[in-house]
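Heads up: the structure comes next, in structure tokens.
Each value in this text was obtained by applying a stated rule to the coordinates, not by laboratory testing. Source: prediction; values computed, not measured. So basically every Cβ, Gly included, is an ideal-geometry build from the backbone, and we count neighbours across all protein chains shown.
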Amino acid sequence: MDFNKAFYITTPIYYVNAELHIGHAFTTIAADIATRFQKAMGRKTFFLTGSDEHGQKVEQAAKERGVSVQDFTDKMVGKFKGLWKKLDICHSDFIRTTEKRHIDVVQKVLSQLHSKGDIVKDSYSGWYCTPCERFWTEKDVGEKICPDCKRSVEQITETNYFFKMSRYQKRLISYIHEHPEYIRPENRRNEILGFLAQPLQDLCISRPKKRLSWGIDLPFDPEYVTYVWFDALTNYISAIGYPDDVEKFNQHWPANYHLIGKHFVFSFFAKWSLVRMLHFLKKHLF
């Protein structure tokens, strides 16, 4: 165990379009216990959680309630922070994707990728699921139903910006094979490798403002905002000093664990032998 490097653990940054549920609490308590465990061994720690606040679902949720999107997200974030206080969650940082420090990093990353030629503008026609904020191909939606959420999709043709994900397919496959511990549990790693066995489609990373205004502006085209998933994932580096505070960033990156959903949480607990002691440790360790 490298005690010279901080133990860095993250939760998903939780989407603010709907009310909190037990999954939010379970994952965040898991990260909190892991952090306390590392602290008890004398290790420096950094525990990051936060809120994912952009995207069409958030904009729609605000409209349905008759409030501004900013007011809606502020209220939801207050609920998250209130719950973490009740559960005695001791996070190191709570990042909001509407904060300037995050927006600046997202736009810097976008500019870098665009200058490298990894982001290109192209027209696209596909089936769009608003609840999932995702495009699907014709073969994916035989019944005109989203494969994930089982709700109806609509056909959209528009011009957008795309990340050339196909350029990195071989590198991703090689890295996962060379680092089998990178994705846990094993069945999830195998799912990813199975997915990567097929040609990767380039990822649409923008939305035109005429369809969605609630998002981070593309730095190279003010008529578009950033696709929420591209924006959100950047939080794991925007919260630890990238790219300006190099010393802080190097002290924490890469993260030791990104907790993502119940299967990954259970895998994490199995490693530390804490699953049966979750409530005991939370109550008695500190």
Length gain on complete extension for the stretch residue 132 to residue 181, per 0.36 nm per residue less the alpha carbon to alpha carbon distance?
14.8 nm
Residue 139 to residue 173: extension gain in nm, 0.36 nm per residue of separation minus the Cα-Cα distance?
9.8 nm
Between residue 88 and residue 244, what is the label-to-label distance in nm when each label sits 7 Å out along the Cα-to-Cβ direction?
3.7
Taking the convex hull of the alpha carbon atoms in segment 3-59, what volume per residue do you get, in Å³?
62
Could you give me D for the chain, from Stokes-Einstein at 37 °C and 0.692 mPa s, where the hydrodynamic radius is the Kirkwood radius over C-alpha pairs? Units µm² s⁻¹, please.
159
Contour excess over end-to-end distance, with Cα ends at residue 120 and residue 100 and 0.36 nm allotted per residue:
4.6 nm
For segment 1-66, which chymotrypsin sites (Phe, Trp or Tyr not before Pro) pass both filters: DSSP loop (anything but H, G, I, E, B) and at most 14 other C-beta atoms within 10 Å?
3
So what's the net charge close to residue 248: Lys and Arg +1, Asp and Glu -1, counting the other residues with Cβ under 14 Å from its Cβ?
-1
Peptides 97-103, 115-121: what's the order by average Cβ count within 10 Å, highest mean first?
97-103, 115-121
Value at 222 nm in deg cm²/dmol, rounded to 500, when DSSP H runs of n ≥ 4 in the chain each add -39,500 (n - 2.57)
-12500 deg cm²/dmol
Just report the Cα centroid separation between segment 149-199 and segment 35-80, whole Å.
26
Low-density loop cleavage sites - GluC sites (Glu not before Pro) in segment 1-60, where at most 11 other Cβ are within 10 Å (DSSP):
19
Report the GluC sites (Glu not before Pro) located in segment 111-152 that are in a DSSP loop and have at most 13 other Cβ atoms inside 10 Å of their Cβ, or state none.
143
What size of dipole, in debye to the nearest 20, comes out for the chain about its Cα centre when the only charges are +1 on Lys and Arg C-beta atoms and -1 on Asp and Glu C-beta atoms?
920
